[in-house]
Amino acid sequence: MAAIELRDVRKAYGQAEVIKGIDLSIAHGEFCVFVGPSGCGKSTLLRMISGLEGITGGQIAIGGEVVNDIPAADRGLAMVFQSYALYPHMTVRQNLSFGLENIQTPRAEIAIKVDEVARMLQIEQLLDRRPKDLSGGQRQRVAIGRAVVREPRVFLFDEPLSNLDAELRVDMRGEIAALHRRLGNTMIYVTHDQVEAMTMADKIAVLRLGKLEQFGAPLELYNRPANLFVAGFIGSPKMNFLSGQIDAEDRMILRLESGEALALPHQGFAQRVGAKVTLGIRPNHMEAAVTGPVKLAVSAVEQLGGESYVYGQTASGTAITLHSPGQTRIGLGDVIQVAVPTDKIHLFDSETGLSLRMD
Amino acid sequence: MGRTLAFLTATRGGARLHWTDWASYSYLFVGVFLMFFPVIWLVLSSFKTEADLQRYPPTFLPYQQQTIMLDGHADPLPLFQITDGEHEGKILAQLRRVGLRAQMVDPADPETRLTIDIADRAPVERFTLATENYTDLFGRFNFLLYFWNSTFITVTATLIMLLTNSMAAFALSKYQFRGRTVVLLLVIGTLMIPQTVVLVPLFLIVTELGMFNSLWGVIIPGAATPTGVFLLRQYMLTIPDEILDAARMDKASEWKIYWRIILPLSAPAIAVLAILAIMWRWNDFLWPLIVLTQSENFTLQLALNSFQGELQTQWSSLLAMTVLTLLPIAMVFMFLQKYIATGIASTGGK
């Protein structure tokens, strides 16, 4: 079993704290994605789990055993690096065999395992080449193969697809997901790309500035973001935010910065009279309607045929995106009214950024 | 071969030679002359006899006076062409010379002794290689012993140096530890201390350690060089850390990372250092001169030096041994010189 527990894990370089106490528990066999903007500490956290980076506080447990003081080599993990980190002076076969040689696997067994992995990843015909003679996608496969061949308890992926072109990235994404289904191992995958996170993960951990913002299943994060950051980070195009203040007399009315008034749902949110709040709504939940309360000056329209995007600004200058299936008749320069369905909205406290959702 | 020729006769293009062609070729010829004339002169001189070497004006090619064996004489007699007087045109052999006259015989009539003015004759000479200069080295002098000493010192010192320097460079380039920069600066700082300054303390240490008059006394003190450490460190900095991390994840020990990953990947820099080390050790003179006093421990350089006595210098043997000493290092350089340029270029060193 290879469940992973992080308990108040911290990391500081001198005075600078980069990981500020993270609690996380990943069940055996789960595909967990660490996502966040660059510099959020997601790669550092992965390296801390791998053992390549020491920790300055807390505990890391793998399979129930605290591994704080166990060196990387003995944690039974395998890692795929962003730059692939293949050994340039070895052939693909030697690259794959190196780890097995280090644990004194008999020669014949190494050959069998390498061939098996090569067949699985379709790199059999590349076994005698050197990394410099391979394309990016092939190197990626070899790097994954090198991790798979050792049959580790846990796979760690550090932005493995970021050096590939868009098309190949989609293919490899599918292959890694398929690999996870076939092997059933626990996998931790680091990316800054929320699409990758959404498509591959069983669980997503959103990190920012060394802190865990939210941890949960992809749709949970999408549907019930815990705070403004997660709401803005997960989902493409980004969620629209409208800030305003709850009306002094009636807590069911939100007065926007632009002056318009919006009716709020009667329950589900902790609304305080006079509180400054931010309303979030996804672009596909907003729609143009003559009776809609929010006025929008259209600044750009993208017609993709099957779907269309309308970009505009409210009277107070907040940028808003509308996403609708099919084609739209809205044109550049139009001023339209937009409806905000109250059952689709999210409310956040403007000061703390936390969701006001009550359940 | 065809490509070499094409390269050597390359021109700027066009049917006629451009003036830049003339300029570059004359420049190159001057360069070749300056570089190679001394070497060619050395090689040709090493085939001259001691007498030929003393001749003034010197000749370019080695010549030897012809001799003849006559009955009744134990030694071969030198031959002369008579240029004037009664016997003009004949070739006579000299029996002995007395002042300005010489007693000579006609090889065809060895019984009749003739007296010839030495101004009326010229030696009969022919282009001959004095190969005894070389054979003597093996027979009369123990060339092979000196060659072995030099080779042993060069090979062992180079291997030890590559091992220690690359380990130091690995640590200084790939490990984070307190005082790393200080250590590096100390290593580089030693470059500023001339070897002559530490000669005496070094000698005392070597003597204390009982390595005086032993080949190890030459090998060990030179095993770590700041230049080598710095050169290798600069190169190892270019090896991505992720490869090392990957190896660690692959359960490789630190030694294995050094041996299987770092060393092969540093091969170009190590080749450069190997060439430099071989040249340094092979040509080293001052330190071996101090440590090695018994002739059975002499290196080639010391043996060469011992040919130069206070009163007399045995030029023929000296030159021949110089040529033999040059050969291995020239070979090493010829085969490995292409690594020097690429290696130094990629280390970002000087």
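The values are calculated or read from the model by the stated rules, or taken from the named source; none is laboratory data. Values in this document were obtained by computation on a predicted structure and should not be read as measured data. Positions of Cβ are generated from backbone atoms using ideal geometry, with glycine treated the same way; all protein chains shown enter the neighbour counts.
Some points to look at:
- Selection of segment A:180-198 for residues being polar (S, T, N, Q) and within 9 Å of the chain's Cα centre (by Cα) yields A:191, A:194.
- Taking segment A:192-311 as the region of interest, the strands (runs of 3 or more DSSP E) fully inside it that hold 3 or more residues being at pLDDT below 90 and of a type in the set (A, V, I, L, M) are A:253-256, A:261-263.
- Condition met for residue B:130 (in a strand (DSSP E or B), touching a residue at least 40 places away in the same chain (Cβ under 8 Å) and touching a Ser or Thr at 6+ places or on another chain (Cβ under 6 Å)): no
- Residue B:204 vs. criteria away from chain A (no Cβ under 14 Å), within 30 Å of residue B:148 (Cα to Cα) and touching a Ser or Thr at 6+ places or on another chain (Cβ under 9 Å): no
Residue-by-condition table, conditions (1) in a loop (DSSP other than H, G, I, E, B); (2) within 14 Å of another protein chain (Cβ to nearest Cβ):
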site: B:162; (1), (2): no, no
site: B:166; (1), (2): no, no
site: B:182; (1), (2): no, no
site: B:186; (1), (2): no, no
site: B:198; (1), (2): no, no
site: B:213; (1), (2): yes, no
site: B:231; (1), (2): no, no
site: B:262; (1), (2): no, yes
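- Residue match in segment B:277-294 (condition: within 14 Å of chain A (Cβ to nearest Cβ), surrounded by 20 or more Cβ atoms within 10 Å (Cβ to Cβ) and closer than 26 Å to residue B:166 by Cβ): no
- Residues of segment B:249-260 that turn out to be farther than 19 Å from residue A:83 by Cα and more than 8 Å from chain A (Cβ to nearest Cβ), as a count: 4
- Within segment A:131-142, the only residue that satisfies the criterion of being within 12 Å of chain B (Cβ to nearest Cβ) and either surrounded by fewer than 23 Cβ atoms within 10 Å (Cβ to Cβ) or in contact with a Cys (Cβ under 8 Å, 6 or more places away or on another chain) (or both) is A:131.
- The residue that is nearest to residue B:297 (Cα to Cα), among those in segment B:126-157 that are in contact with a strand residue (DSSP E or B) (Cβ under 8 Å, 6 or more places away or on another chain) and surrounded by fewer than 15 Cβ atoms within 10 Å (Cβ to Cβ), is B:127.
- Selection within segment A:39-65 - exposed (fewer than 15 other Cβ atoms within 10 Å of the Cβ) and within 19 Å of the chain's Cα centre (by Cα): A:39
- For residue A:110: the one exception among (1) in contact with a Phe, Trp or Tyr (Cβ under 9 Å, 6 or more places away or on another chain); (2) within 13 Å of another protein chain (Cβ to nearest Cβ); (3) in a helix (DSSP H, G or I); (4) more than 26 Å from residue A:210 (Cβ to Cβ): (1)
- Cβ separations smaller than 6 Å between residues 6+ apart or across chains give the following pairs from segment A:63-83 residues that are more than 9 Å from every other protein chain (Cβ to nearest Cβ) to residues that are among the charged types (D, E, K, R): A:67/A:75; A:76/A:153.
- A count restricted to segment B:235-248 and to residues that are in a helix (DSSP H, G or I) and either surrounded by fewer than 17 Cβ atoms within 10 Å (Cβ to Cβ) or facing chain A (nearest Cβ under 9 Å) (or both) stands at 8.
- Of all positions in segment A:31-38, at least one carries a residue that is surrounded by fewer than 20 Cβ atoms within 10 Å (Cβ to Cβ) and either free of Cβ contacts under 8 Å to residues at least 40 places away in the same chain or away from chain B (no Cβ under 13 Å) (or both).
- Considering residues of segment B:112-125 that are over 38 Å from the mean Cα position of the chain (by Cα) and within 14 Å of residue B:77 (Cβ to Cβ) only, the residue surrounded by the fewest Cβ atoms within 10 Å (Cβ to Cβ): B:113
- For segment B:162-182, a tally of residues being surrounded by fewer than 20 Cβ atoms within 10 Å (Cβ to Cβ) and of a type in the set (Phe, Trp, Tyr) returns 2.
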